[in-house]
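J.: Quick one: the structure is below, and I'll ask about it shortly.
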Amino acid sequence: MSLNAYEESFRNTAIVVTGAAGFIGSHLVEHLVTLGAKVTAVDNLQAGSWANLRAVSDRVVFAECDVRDADAMGALVEKVQPNYVFHLAANASVPGSVQDPVYDFEANCVGTFRVLNALRGQMACRKVVVASSGAVYGEPEAFPITEESPLRPISPYGASKLNTEITAQMMHRVYQVPVVIARLFNAYGPRMARFVVLDFLKKLQRDPYRLEVLGTGQQIRDFTYVADTVQGLLALALKGDCGEAYNVSSGKNCSVTDLANAIIAARGLSGKTRIEYTGKSWVGDAQRWEVSITRLKALGYQPQYTLEEGLRETIVWFDTTYGPTAM
């Protein structure tokens, strides 16, 4: 289902997006505005920037507040009376969660409770899409990963996201808040502020002939271009079953070494760049994620971007933002 297919469903609807100034949030806001929605963008700007929304700044209502602030969230929900809420505000860093688990818990667990509690009894709200993460699965023992796979997080971030899911499901069962959960996997694309694709591009910019890879390079991931992540979120808002969780990814896995070689090739550096491995990654770095998206595809979701296509789009943005890589 293409993004254009959602136009009739979201036109003139009141929508709140938390974490709107961040990477995925800003792309989601742009698409919703294009579809004719009336969007209120919520962010505390701890990690995001309103500059990410400059292309639609004249068509968005900005609300600088923290989702952990119960009074602020209550007043905002009462004012907007949203038809849909996309809750993306969170700490989104596994290493960051290891360094500061207190902030991770407060941002992810407390923040989610405040948002959902503010929505209790809001009859206008048709669906709340809560962003979780593939990190809730930890190190799976069987593949592909389905929504029924055991949930055994191996980092504070994964644990806080699992707590987020439990809270969301409780709010649905007890208070009938119409929640659906999106387990996001390895999104990349323009405006990303961290993660491996950006890390590789920055390293190649500094030295086109040497690329350091954390760990062994054999870590397996489902890298998902951000426009496909947005498509998945929209599909869940319209068709996802309340109280259920859905994997949101490309459905195509590759190793980190494969990713490195794809970026090297896209840069025209094949045969020139030497890959070096550190042999050790960070605490909480899962080694293998091969993901089933059968449940999400049943809603009409179909990824539109191959890895090569997504990397091309990302590199155009990177060169515009950071400058081209010297050869």
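Computed from the coordinates by the stated procedures, all read-outs in this text should not be read as laboratory data. Since the model is a prediction, treat every value here as computed from it, not as a measurement. Note: ideal-geometry Cβ built from the backbone for every residue, glycine included; neighbour counts use all protein chains shown.
J.: Can you list which of the chymotrypsin sites (Phe, Trp or Tyr not before Pro) found in the range 1-76 are DSSP loop residues with at most 11 other C-beta atoms within 10 Å?
T.: none
J.: Among the aspartates and glutamates, which fall within straight-line cross-link reach of K161, defined as a Cα-Cα distance under 13 Å, with same-chain neighbours fewer than 8 residues apart omitted?
T.: Reachable aspartates and glutamates: D104, E106.
J.: Just subtract the alpha-carbon distance of Y209 and T294 from 0.36 nm times their residue separation and send over the number in nm, one decimal.
T.: Gain in length upon complete extension: 26.6 nm.
J.: Test of understanding: given the chain, find the longest segment containing no GluC sites (Glu not before Pro) that are in a DSSP loop and have at most 15 other Cβ atoms within 10 Å.
T.: Result, exposed sites excluded: 1-140.
J.: Principal axis lengths of the range 96-136 from Cα atoms, whole Å, largest first?
T.: Here the Cα extents, ordered largest to smallest, are 40, 20, 11 Å.
J.: Here is a follow-up. Which log10 I(q)/I(0) values does the range 185-309 give at q = 0.14, 0.21 Å⁻¹ under the Debye formula, counting every alpha carbon as one identical point scatterer?
T.: -0.65, -1.21
J.: Setting aside same-chain residues fewer than 8 positions from K38, which lysines have a Cα under 18 Å from its Cα?
T.: Answer for K38, where 18 Å is the Cα cut-off: K79, K127, listed by chain and number.
J.: If you don't mind, another one. Diagonalise the Cα gyration tensor of the range 233-278 and give the resulting equivalent ellipsoid semi-axes, square root of 5 times each eigenvalue, largest first, whole Å.
T.: Taking √(5λ) for each Cα gyration eigenvalue gives 37, 12, 7 Å.
J.: Nearest 0.05, what FRET efficiency do E78 and A55 give at R0 = 22 Å with Cβ-Cβ as r?
T.: 0.15
J.: Bin by bin, in steps of 10 Å, what percent of the Cα pairs in the range 1-131 do you find, going until the bin that has the longest distance?
T.: Percent of Cα pairs in each bin: 13, 46, 32, 9, 0.
J.: Rg to Rh for the range 80-229: what is it, with Cα atoms only and Rh by Kirkwood?
T.: We get a ratio of 1.02 for the range 80-229.
J.: Also, quick follow-up: Please give the FRET efficiency for S255 paired with Q46, using the beta carbon to beta carbon distance and R0 = 35 Å, rounded to the nearest 0.05.
T.: About 0.60, to the nearest 0.05.
J.: With only Lys, Arg, Asp and Glu charged, each at its Cβ (+1 for the first two, -1 for the last two), find how big the charge dipole of the chain is about the Cα centre; round to the nearest 20 debye.
T.: I would put it at about 280 debye.
J.: Right, another one. Quick one: of the DSSP bridges fully inside the chain, what percent are antiparallel, nearest 5?
T.: Roughly 5 percent of the DSSP beta bridges within the chain come out antiparallel.
J.: Further, regarding this structure: Using a Cα-Cα cut-off of under 17 Å, which lysines could be cross-linked to K297, ignoring same-chain neighbours fewer than 8 residues away?
T.: Candidates past the 8-residue exclusion: K239, K252.
J.: Counting other C-beta atoms within 10 Å, and keeping those with at most 14, which DSSP coil chymotrypsin sites (Phe, Trp or Tyr not before Pro) do you find in the range 183-265?
T.: Sparse-neighbourhood loop chymotrypsin sites (Phe, Trp or Tyr not before Pro): Y209.
J.: Please work out the C-alpha center-to-center distance from the range 35-105 to the range 140-189 and express it in whole Å.
T.: Answer, in whole Å: 19.
J.: Taking only the alpha carbons of the range 105-172, what extent do you get along each of the three principal axes, in Å, biggest first?
T.: Principal axes ranked by extent give 41, 24, 15 Å for the Cα atoms.
J.: At a Förster radius of 35 Å, what calculated FRET efficiency corresponds to the Cβ-Cβ distance of D100 and V174, to the nearest 0.05?
T.: 0.70
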